[in-house]
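Colleague: Sharing a structure with you now.
The values are calculated or read from the model by the stated rules, or taken from the named source; none is laboratory data. Quick caveat: nothing in here was measured; it's all calculated off a predicted structure. Note that we place each Cβ from the backbone using ideal geometry, even for glycine, and neighbour counts take in every protein chain shown.
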Amino acid sequence: MSKSQDNLTSEDDIAMEVDTVEESQDFEGSSRPATSIASDISAVEDAPSDEDDDKEQVERPASLPEPGTPLTGSYTWISPRPTAEGPYAVGVDEAGRGPALGPLVYGMAFCPVSFIDKQLAKMGFDDSKILKHDTRIGLLQALSADPVNLGWAVNVISPQAISSGMLAKPSINLNTQSQAATISLLKALLAPPYSLPISEVYVDALGPAEKYQEYLQARFPRLQITVRNKADSIYKIVGAASVAAKVTRDFLVEDWVWEEAVRSGLADGGEATWGRGSGLGSGYPSDPNTKEWISSHLDKTFGYPTIARFSWAPIKLAMETKGHSVQWVDDGQKTLMKAFEGVTGVDKGRCSLTKELGISSVSSL
């Protein structure tokens, strides 16, 4: 039986599923190592801006794959380790939990506990959803510009991994995949060679806050774990994590590299077939641009490209109602069924296989 996307399972089930997902090497995707220098933000052309569509260059996060590289699996990226003395506080938040298109990105931001009130509180971090695009870009630049005190990390869960997990038997629901991403990132920060001296962790709630806090506290008993609803609006360090996750996801979707086009060697990068990533909208099913893309880009035989989350209702419904119906026939099973069809005459009630093998019923042994 598949489990609900939004309801937490028992703690034992969660722990078992999270351990299983962690063993799959970042959800069967590749892992990008931490950079060996400060996380500089490089410039690329034609990335969209909410306020200035004519802007020729915008800032490109270091957490992205190399330009022109399609997202074929999940990966983790971590900035260089800050050099300031601890203890450190860590904020955790995500971007892209609800969309039918694109990845889910978990972000973490971290700094010395003493730095939060002195500096971080004045930098303007907040829930990334209420910040403008250019503001988020500037804040991520600021997060990357102080390698002595600040660091950040992301775990990008690809849409392929989300689909594979949720359509598996038994299902690895989105909560479990999200928990695994959080645990994986925390373990990476705590373990050598990073070995960050963490004392406090603040997490945006996933399901019931108290239950999730108890679960994480049991996994990391030496840390002080705080889980709250709307934590990105309450704790500045979680707001910073929210910005890191949101900017990374936005760039991944807006500059989406079609894996299918790369494999096929299409000269236009697949834009003639699937459009540009900037035309997909936010990926949320309620977004008119996303609705239009889902409606107009279904291949009736092969479905959608890998940007789609095939476990999401809008994608499944479109494929079931507008796609070609496929009936899978197992030739071996068909032959076996035919062999056991009934016959007439002397052999009535006996299948052809028993007749051919000379098998007869006995009343006693």
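Colleague: Only one of (1) assigned to a strand (DSSP E or B); (2) at pLDDT below 95; (3) among the charged types (D, E, K, R); (4) closer than 27 Å to ARG228 by Cα is not met by GLU94, so which one is it?
Modeller: Result: GLU94 fails condition (2) only.
Colleague: Determine which member of the set VAL243, VAL257, VAL262 is crowded, with 21+ Cβ neighbours inside 10 Å and touching a residue at least 60 places away in the same chain (Cβ under 8 Å).
Modeller: None of the other options fit; the residue is VAL243.
Colleague: Inside the range 140-160, can you point out the residues that are crowded, with 23+ Cβ neighbours inside 10 Å, in a helix (DSSP H, G or I) and either at pLDDT below 95 or of a type in the set (A, V, I, L, M) (or both)? Full working, then the answer.
Modeller: Step one: filter the range 140-160 for residues crowded, with 23+ Cβ neighbours inside 10 Å, giving 140, 143, 150-159.
Checking which are in a helix (DSSP H, G or I) leaves us with 140, 143, 159.
If the condition is that a residue be crowded, with 23+ Cβ neighbours inside 10 Å, in a helix (DSSP H, G or I) and either at pLDDT below 95 or of a type in the set (A, V, I, L, M) (or both), then LEU140, LEU143 are the ones that fit.
Colleague: Without any contact (Cβ under 8 Å) to a residue 60 or more places away in the chain and in a helix (DSSP H, G or I): does that describe ALA121?
Modeller: Against the criterion (without any contact (Cβ under 8 Å) to a residue 60 or more places away in the chain and in a helix (DSSP H, G or I)), ALA121 does not qualify.
Colleague: Is it true that some residue in the range 300-308 is within 30 Å of SER79 (Cα to Cα) and aromatic (Phe, Trp, Tyr)? It would help to see each step written out before you state the result.
Modeller: Going through the range 300-308, the residues within 30 Å of SER79 (Cα to Cα) turn out to be 306-308.
Narrowing the set further to residues that are aromatic (Phe, Trp, Tyr) leaves none.
No, the range 300-308 contains no residue that is within 30 Å of SER79 (Cα to Cα) and aromatic (Phe, Trp, Tyr).
Colleague: Also, quick follow-up: Out of SER49, SER114, report the one residue that is over 13 Å from LEU252 (Cα atoms) and at pLDDT below 90.
Modeller: Exactly one residue qualifies, and that residue is SER49.
Colleague: Considering only residues that are part of a strand (DSSP E or B) and either β-branched (Val, Ile, Thr) or over 16 Å from ASP146 (Cβ atoms) (or both), which ones fall in the range 73-91?
Modeller: TYR75, THR76, TRP77, ILE78, VAL90
Colleague: For the subset of the range 300-323 comprising residues that are surrounded by fewer than 15 Cβ atoms within 10 Å (Cβ to Cβ), without any contact (Cβ under 8 Å) to a residue 12 or more places away in the chain and not in a loop (DSSP other than H, G, I, E, B), which member is nearest to the chain's Cα centre (by Cα)?
Modeller: LEU317
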